[in-house]
Amino acid sequence: MAAPKRSDDLRAEATAARLAAVTVPTGGFTGAARAAARARLEAMGLPGRRDEYWRYTDPTALNAAEAPEAAVFTAEESPIFGAVDRITLVFSDGVFDAAASDDPSLAGVEIARLAEAGRADIHWAKDLYGVLEARGQEPVARPHAALNTAAAADGILIRVTGKAAKPVHLVYRHASVQSDAILHHCLRIEPGAELTLLESGPAAARFNKVLEVDVAAGGRFHHIRAQGRDHERRAITHIFARVGEGALFKSFTMTANGRMTRNECVIEIAGNDAVAHVAGAALGDGASGAFHHDDTVFVTHAAERCESRQVFKKVLKNGATGVFQGKILVKPGAQKTDGYQISQSLLLDEDSQFLAKPELEIYADDVKCSHGSTTGAIDETALFYLRSRGVPREDATSLLILSFLADAIAEIEDDRLAEEIVSRLEAWLARRKV
Amino acid sequence: MLEIRNLQVKLQDEDKQILKGVDLTVEPGKVHAIMGPNGSGKSTLSYVLSGRDGYEVTGGSAHLDGADLLEMEPEDRAAAGLFLAFQYPVEIPGVGNMTFLRTALNAQRKARGEPEVSAGDFLKLVREKAKTLKIDAEMLKRPVNVGFSGGEKKRNEILQMAILEPTMCILDETDSGLDVDAMRLVADGVNALRSEGRGFLVITHYQRLLDHIRPDVVHIMADGRIIKTGGPDLALEVEKNGYADILAEAL
Ligand SMILES: Nc1ncnc2c1ncn2[C@@H]1O[C@H](COP(=O)(O)OP(=O)(O)OP(=O)(O)O)[C@@H](O)[C@H]1O
Ligand SMILES: [Mg+2]
């Protein structure tokens, strides 16, 4: 599609300005991948509002050479997952904070910092860094992910060879109003190995994160993420996952607050009999600042007898906006695919809106795929029923909201972690008296 | 305990008067039955008493133990002891029956300044009440009323009533949709709750239920008014002759 020349020029200018504002590390095992990513980005350019994939989300603040300011939010609540036995690795405004982090030794798990390990010429992550990202650029361009691969100064490289005894928790702290963080993590689950990765926190005024996950045959990966409560932060995150034969990939994200969040998840189901689930629960209140949340998911079935599920729920109030773009692509030969996708929003007032674009593209004949999208309000009849039994309006509303989110939360396998998420959701609802 | 005086109610969004001056007093320990043709306003009365939106009170009053019901939020009416067994119990997907019951019980206790019931005591209480109503544990695990048969829903209403122990119970056609055995169970459930301090208002179309729950007073409602009040015999008369004579007499 040939866009008018003028807009191409503008795009190239914006891309050049964005690249000029970052430092692209050179040398080491990531050097070639970074140079290739930079070339990819220059070729595709940063996204524009006219791009089909950015119709519902304005990329201006993400594209800007300088990160827009975002006030640092402080809350006196205890840190999430605090009661879970885990290994914590802390980044403050995108910079690793060794003093605040745990000693990263865990049986069956190798953990290294990208900033340090990246200087080596030979590393297991060489086969992963920028590799899944590059694969994920087809058929839809993801320019901010290419930018990330080119410019990420730090991140964590995790290789799992056994069943990890406890989760690894990446904690992202936001410390300065102007921080602009780019982190790139690579994670390889070797055959039969298992890891739970936790992530939490707002990270920076503007955050660009890529997580590349390669789950080898029979591996199991669980991901539970709580995106921070800062009202003004902006974030674009990408997960690029490749799921091998008989492997399991499960990712759940809770988002509360944030001026702008775009979470892209690109999953390639590459081995037979694999399972990939991705879910999200987002809560936004426009009264505490703007709230725009975009879940963009692309699941490719490239093997037989695989199952994928996308379950995304959004609770929106006071002019909040929710976006869901989800696709299931079933490649030729991916027979017996079981693909499911649901995106739902609960609008607590008439000022909020939900924009959904569910898509199925199927090139195999023996598959079962379904998708659905709904927008609704609180069920007044159910609300009255609860109140007539003595449950006060606010509690009854919270109960109905949590029940709306239940299917997404059910994607968290570990009960303790699910409870932790539910308690945060309850607290959010209680604070807002919805 | 329940005192309704000249209660007049119209629909909020329509110019339609539904209750045209209802007078009714239920004394503690008494069971009052209301019968009446379809559309006469029986459910409307029960909804207005429990505080459902969509109605506008244009005149009259309703008090429970001296408190002005019409000024209270639905949850406060419940905490004050009012309970409505719905003609059409509501399904709430995603909210477990046990969570629902426990949240309701503890919310009411909290509102009355009573301590919450512990998880253990609550479980015991529910098991005991469910057993007498022949509600199996599997049903309690499911979301509120979801996938329940019509009769199961009605029994679930009575279970809620047994657990919440309200002082003024309104039953709106709890008998419709029940098989003979279930009707017995529901009636037994009601009879078990009958006590000196508790009043009942039982809305029904059939004498069958009243055979089991012997009412003290029977009212006939037609076109938004109580047009006749009598003893248990009045229900038998309706059963035998229908409403025609009573309606004619009222004119
Ligand atoms: N929300 C509403 N919107 C429109 N009409 C209503 C509404 N609520 C009640 N009505 C009307 O008011 C009248 C009384 O209804 P109500 O449900 O109280 O009757 P009822 O005596 O309970 O009847 P039934 O024996 O069939 O249950 C009916 O004509 C009904 O259609
Ligand atoms: Mg009725």
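Which of (1) touching a residue at least 60 places away in the same chain (Cβ under 8 Å); (2) within 13 Å of ligand 1 (Cβ to nearest atom) does B:Tyr55 not meet, given it meets every other one?
The failed condition is (1).
Listed residues B:Ser118, B:Ser61, B:Ser46; which is of a type in the set (S, T, N, Q) and within 16 Å of ligand 1 (Cβ to nearest atom)?
Exactly one residue qualifies, and that residue is B:Ser46.
Among the residues of region A:375-391, count how many are buried (at least 20 other Cβ atoms within 10 Å of the Cβ) and either at the interface with chain B (Cβ under 8 Å from one of its Cβ atoms) or in contact with a Cys (Cβ under 8 Å, 6 or more places away or on another chain) (or both).
Number of matching residues: 9.
Does region B:213-251 hold any residues that are in contact with a helix residue (DSSP H, G or I) (Cβ under 6 Å, 6 or more places away or on another chain) and either at pLDDT below 90 or of a type in the set (S, T, N, Q) (or both), and which are they?
Of everything in region B:213-251, just one residue is in contact with a helix residue (DSSP H, G or I) (Cβ under 6 Å, 6 or more places away or on another chain) and either at pLDDT below 90 or of a type in the set (S, T, N, Q) (or both), namely B:Glu239.
In region A:411-429, which residues are within 14 Å of chain B (Cβ to nearest Cβ) and without any contact (Cβ under 8 Å) to a residue 60 or more places away in the chain?
If the condition is that a residue be within 14 Å of chain B (Cβ to nearest Cβ) and without any contact (Cβ under 8 Å) to a residue 60 or more places away in the chain, then A:Glu419, A:Val422, A:Glu426 are the ones that fit.
Starting from residues that are more than 14 Å from chain A (Cβ to nearest Cβ) and of a type in the set (S, T, N, Q), keep the ones in region B:125-159 and report whichever is farthest from B:Ala67 (Cα to Cα).
B:Ser149
For region B:160-233, list the strands (runs of 3 or more DSSP E) that sit wholly inside it and hold at least 1 residues that are within 16 Å of ligand 2 (Cβ to nearest atom) and within 14 Å of chain A (Cβ to nearest Cβ); which are they?
By residue number, B:168-172.
Filter region A:17-34 for residues that are under 14 Å from A:Leu147 (Cβ atoms) and either free of Cβ contacts under 8 Å to residues at least 12 places away in the same chain or surrounded by fewer than 13 Cβ atoms within 10 Å (Cβ to Cβ) (or both) and give the result.
Answer for region A:17-34, where residues must be under 14 Å from A:Leu147 (Cβ atoms) and either free of Cβ contacts under 8 Å to residues at least 12 places away in the same chain or surrounded by fewer than 13 Cβ atoms within 10 Å (Cβ to Cβ) (or both): A:Ala20, A:Thr23.
Just one of (1) modelled with pLDDT of 95 or more; (2) hydroxyl-bearing (Ser, Thr, Tyr); (3) more than 16 Å from B:Met221 (Cβ to Cβ) trips up B:Tyr47, so point out which.
Condition not satisfied by B:Tyr47: (3).
Has region B:9-16 got at least one residue that is polar (S, T, N, Q), away from chain A (no Cβ under 14 Å) and either within 11 Å of ligand 2 (Cβ to nearest atom) or more than 14 Å from the chain's Cα centre (by Cα) (or both)?
no
Would you kindly identify the helices (runs of 4 or more DSSP H) lying entirely within region A:1-108 that contain at least 2 residues that are farther than 30 Å from A:Ala125 by Cα?
A:5-20, A:60-63
Take the residues of region B:17-32 that are touching a His at 6+ places or on another chain (Cβ under 7 Å) and within 14 Å of B:Arg194 (Cα to Cα): which is farthest from ligand 2 (Cβ to nearest atom)?
So, considering only residues that are touching a His at 6+ places or on another chain (Cβ under 7 Å) and within 14 Å of B:Arg194 (Cα to Cα), the one farthest from ligand 2 (Cβ to nearest atom) is B:Val26.
Might you let me know whether region A:327-344 holds any residue that is assigned to a strand (DSSP E or B), within 14 Å of another protein chain (Cβ to nearest Cβ) and touching a Lys or Arg at 6+ places or on another chain (Cβ under 7 Å)?
Within region A:327-344 (the criterion being assigned to a strand (DSSP E or B), within 14 Å of another protein chain (Cβ to nearest Cβ) and touching a Lys or Arg at 6+ places or on another chain (Cβ under 7 Å)), the answer is yes, since at least one residue qualifies.
For region B:71-91, how many residues are more than 16 Å from ligand 2 (Cβ to nearest atom) and either within 17 Å of the chain's Cα centre (by Cα) or crowded, with 24+ Cβ neighbours inside 10 Å (or both)?
Within region B:71-91, residues that are more than 16 Å from ligand 2 (Cβ to nearest atom) and either within 17 Å of the chain's Cα centre (by Cα) or crowded, with 24+ Cβ neighbours inside 10 Å (or both) number 10.
In the list B:Leu201, B:Leu210, B:Leu123, B:Leu178, which residue meets the criterion of being surrounded by 15 or more Cβ atoms within 10 Å (Cβ to Cβ) and out of contact with any helix residue (DSSP H, G or I) (no Cβ under 6 Å at 6 or more places or on another chain)?
Criteria check complete, one pass: B:Leu201.
The values are calculated or read from the model by the stated rules, or taken from the named source; none is laboratory data. Just so it is clear, the model here is predicted, and its values are computed rather than measured. Neighbour counts are summed over all protein chains in view; Cβ atoms, including those assigned to glycine, are modelled from backbone coordinates with ideal geometry.
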